[in-house]
Amino acid sequence: MMKERSERHFVGRCARRLVSTASAFLLTTVFVLVACSAPENQNGQANAGGGQAGATDWKAVGQALGKEGSMQPGDVYKVSLPRGDLQVTVGGVTIKPALALGSWVAFKKMGDTTMVMGDLVLTEDEVSPVLTKLQEGGVEQTALHNHVLRESPRVMYMHIHATGDAVKIAKAIHDALGLSKTPFAAQSGAPAGGDQNIGIDTKQLDQLMGQSGKVNGVVYQFSVPRAEAVSDGGMEVPPSMGLATAINFQPTGAGKAAITGDFVLTASEVNPVIKALRDNGIEVTALHSHMLTETPRLFFMHFWANDDAQKLARGLRAALDKMNIAKSQAK
């Protein structure tokens with residue numbers, strides 16, 4: 001009898017252990033499955049299929065647009081479409097695409113949709129056909145204006161905005177630009193970056209500007225973000241989607257450079273920056289908006305000069321000092 005009770009007790013204890021082990025295994029399995037199904041990026045956006053799927057999505061966008069892009073800060077996919085087909089002159093200076101003829105389109109995922117912004121460089125006769133086709137494809141225009149003065153031939157800049165399916169938007173933009181002579185093929189030229197000598201002292205420009213620039217072809221470029229966050233339609237817009245002050249130097253010989261670009265300003269900064277530029281011999285060529293519903297309200301001021309590069313850098317720095325720029329960028 002005692003032996004039978006002992007055997008029953010042993011069997012019961014084994015059964016309880018087996019049930020406990022099975023329960024622990026099931027709980028662990030459920031935990032792993034739940035964890036694997038959670039959003040994987042830090043922005044709380046679901047990336048179904050993981051990082052490789054995200055990369056594939058951008059590849060499809062590049063294919064729909066007709067040209068591959070690259071990732072920029074802020075998880076922005078940006079495609080550059082320089083108008084290397086145009087021969088534009090200003091005051092005897094032949095404009096390089098990187099100075100003032102660079103079309104671009106930028107994409108950023110926002111939850112289950114994508115925000116798209118861009119700036120399209122167009123000749124006057126291309127404006128209406130491209131605008132009409134964009135409207136048919138659901139891509140909005142937020143600005144249409146000049147950037148420089150006295151250029152030949154006349155060039156216009158069309159800012160665009162859309163939200164929705166990235167591939168469909170890219171296809172709509174491709175179809176619209178197909179009505180222009182915008183090149184989609186990669187263009188030859190000096191590679192971006194590096195320490196190549198472009199005819200001006202770029203290290204000295206960095207010191208005078210309090211910023212770090214980069215070489216793009218034969219143009220030296222600065223990109224200076226604002227300190228505060230900017231949103232459009234309730235969505236935060238990274239500086240890489242056209243909200244950083246752009247300053248470009250194109251060498252014109254004997255230490256001189258042609259400069260242009262745009263300052264990104266709040267209303268209270270507009271006139272102090274105008275004064276700083278004019279006090280330093282830099283011409284203001286346009287003042288306008290690029291967006292419709294941004295917060296805070298921003299104004300974009302374009303400029304032009306062709307003079308001693310270091311002299312111009314001092315004037316541009318004086319203008320930057322009137323702005324609320326990201327202090328981490330300044331040296």
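Points worth noting:
- Each of D175, D232 was scored by other Cβ atoms within 10 Å of its Cβ. Listed from fewest to most, they are D175, D232.
- Sequence of V61, V93 once ranked by neighbouring C-beta atoms within 10 Å, starting from the fewest: V93, V61
- Three principal axis extents describe the C-alpha atoms of segment 44-188; from largest down they are 53, 32, 23 Å.
- Ranked list, fewest to most other Cβ atoms within 10 Å of each Cβ, for M115, M156: M156, M115
- Violating pairs (Cα-Cα greater than 21 angstrom) within the set K109/K214; K78/K171; K133/K171; K59/K171; K67/K214; K109/K181: K109/K214; K67/K214; K109/K181
- For segment 196-211 versus segment 107-121, the gap between their alpha-carbon centres in whole angstrom: 33
- Distance from segment 229-244 to segment 258-285 (C-alpha centre basis), Å: 21
None of the figures in this text is laboratory data; all of them are computed from the coordinates on show. Because the structure is a prediction, the values reported are computed rather than measured. We place every Cβ from the backbone using ideal geometry, glycine too, and count neighbours over all the protein chains shown.
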